[in-house]
Amino acid sequence: MPFRNRKLDSQFFVRVLKDEVSQEEKEFFDNWLDESDENKEEFSNFILLWDNLGKAPIPILPNKQKQWEKISLFIKENSEKQKSFPILSEQKTSSYLEDEAAIVKAGRYGWIRYAAAIVIIALSISIYFNINHPTSKPFLTENNKQSNLLSLVTRNGEQLSINLSDGSIIELNSDSKLIYPENFNDDKREVELIGEGYFKIKHDPSKPFMVKCGDAITRVTGTEFNIKYRKNDIKVVVSEGKVETFKKNEQNKVKISKGDMAFFTEDGIFRVEKNISLKHHLAWRENILSFQHLKLVDAMEEIRRAFNVEVIFKSEESKNKIITGEFSTQSISQILNVLKLALDINIKKEKNTIIIN
């Protein structure tokens, strides 16, 4: 076997996690992993290190030589214009006068560094928006001309934010819908949410802000909080200030503060959990999937929304396996490889479908 004497270094492990190995290399790695518990422990330690270092792919930077050639050409074409630029202000300080040659040099080339910095900043902005913002546009439809209601909908793999007429900001997670008025009336501010959203509400004690999720209503005067409402299950997490949550008939009211979570129980009433992990519940805002002792079937539901894929379980036993961890939403291949190794299951991706045996 051509890979018999190959050293399994960190670069090879990275290629395994990224699913960039050949079939022959994959078979060699699987055999190596099964040889001993020490090998399994070595690779598990590497996965932990890889996870801590961060798995988000680094954007490929432009060719430095080509970019410098463009900058040099720009300098040459504008050399005559540059002569008219003021090198320094007329009021030179004594420190400038100590080294006139250094001043002239800085005047000639300092602006070049400035131009190069602009290029780098522009590239950084372009990279940021391409990575962190969806290319698709939100679509707003008028639901009711009389009440002038609008809808903001996010598809799978898409996150959007909107500024409301009162200055409040709402961020929508994937596969979510927000129904809101174009302009709030004089005495109340009301919206309806299906899915998940993060609310930054402008303070106005005279006009409470209310979010309707099925039979539940969350009321605030101005604060920040997250609501997740899927399959009749609701969780309200407060990151700033205070929130009041209740059913439509205003029975069983609960008031929660920063670090608290209100949620429905099986008996249909609200309960409160104190000192929850805000990092875990708000991870989606950082493009991270955070799972805490979660069944694989539920974790795959979040992965389905984040990556816009279909998930097929061919093994009922696999659905109930428990997963805990954080995963960047930059690469689905890395997530699937970690799940495969951590849970000892077979996962394969065929086009837009994930099959779990």
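The values are calculated or read from the model by the stated rules, or taken from the named source; none is laboratory data. Worth saying up front: this structure is predicted, and the values here are computed from it rather than measured. Positions of Cβ are backbone-derived with ideal geometry, glycine not excepted, and every protein chain shown enters the neighbour counts. SASA here: full protein model, heavy atoms, side chains in, ligands and nucleic acids out. Shrake-Rupley method; radii C 1.70, N 1.55, O 1.52, S 1.80 Å.
Numerical summary
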item: Test result for residue 169, modelled with pLDDT of 95 or more, among the aliphatic types (A, V, I, L, M) and open to solvent by 40 Å² or more (accessible area, probe 1.4 Å); result: yes
item: Single residue of 255, 207, 235, 247 found to be within 25 Å of the chain's Cα centre (by Cα) and among the basic types (Lys, Arg); result: 235
item: Strands (runs of 3 or more DSSP E) contained entirely in the range 292-351, each with at least 2 residues that are of a type outside the set (Ser, Thr, Tyr), at pLDDT 95 or above and surrounded by 15 or more Cβ atoms within 10 Å (Cβ to Cβ); result: 310-313
item: Count of the range 203-212 residues which are surrounded by fewer than 22 Cβ atoms within 10 Å (Cβ to Cβ) and in contact with a strand residue (DSSP E or B) (Cβ under 8 Å, 6 or more places away or on another chain); result: 5
item: Among (1) within 19 Å of the chain's Cα centre (by Cα); (2) surrounded by 16 or more Cβ atoms within 10 Å (Cβ to Cβ); (3) in a strand (DSSP E or B), the one test that residue 177 misses; result: (2)
item: Lone qualifier among 237, 243 - being assigned to a strand (DSSP E or B) and in contact with a helix residue (DSSP H, G or I) (Cβ under 9 Å, 6 or more places away or on another chain); result: 237
item: Residue, surrounded by the most Cβ atoms within 10 Å (Cβ to Cβ), within the range 231-247, restricted to residues that are of a type in the set (D, E, K, R) and within 15 Å of residue 212 (Cβ to Cβ); result: 244
item: Residue among 228, 279 that alone is in a strand (DSSP E or B) and open to solvent by 50 Å² or more (accessible area, probe 1.4 Å); result: 228
item: Members of the range 309-357 found to be among the acidic types (Asp, Glu) and either closer than 25 Å to residue 42 by Cβ or under 25 Å from the mean Cα position of the chain (by Cα) (or both), listed by number; result: 310, 326, 344, 350
item: Residue among 279, 258, 235, 247 that is free of Cβ contacts under 8 Å to residues at least 40 places away in the same chain and closer than 19 Å to residue 194 by Cβ; result: 247
item: Residue 263 vs. criteria touching a strand residue (DSSP E or B) at 6+ places or on another chain (Cβ under 6 Å), in a strand (DSSP E or B), open to solvent by 40 Å² or more (accessible area, probe 1.4 Å) and under 30 Å from residue 156 (Cβ atoms); result: yes
item: Conditions (1) under 23 Å from residue 284 (Cα atoms); (2) out of contact with any Phe, Trp or Tyr (no Cβ under 9 Å at 6 or more places or on another chain): number failed by residue 203; result: (1)
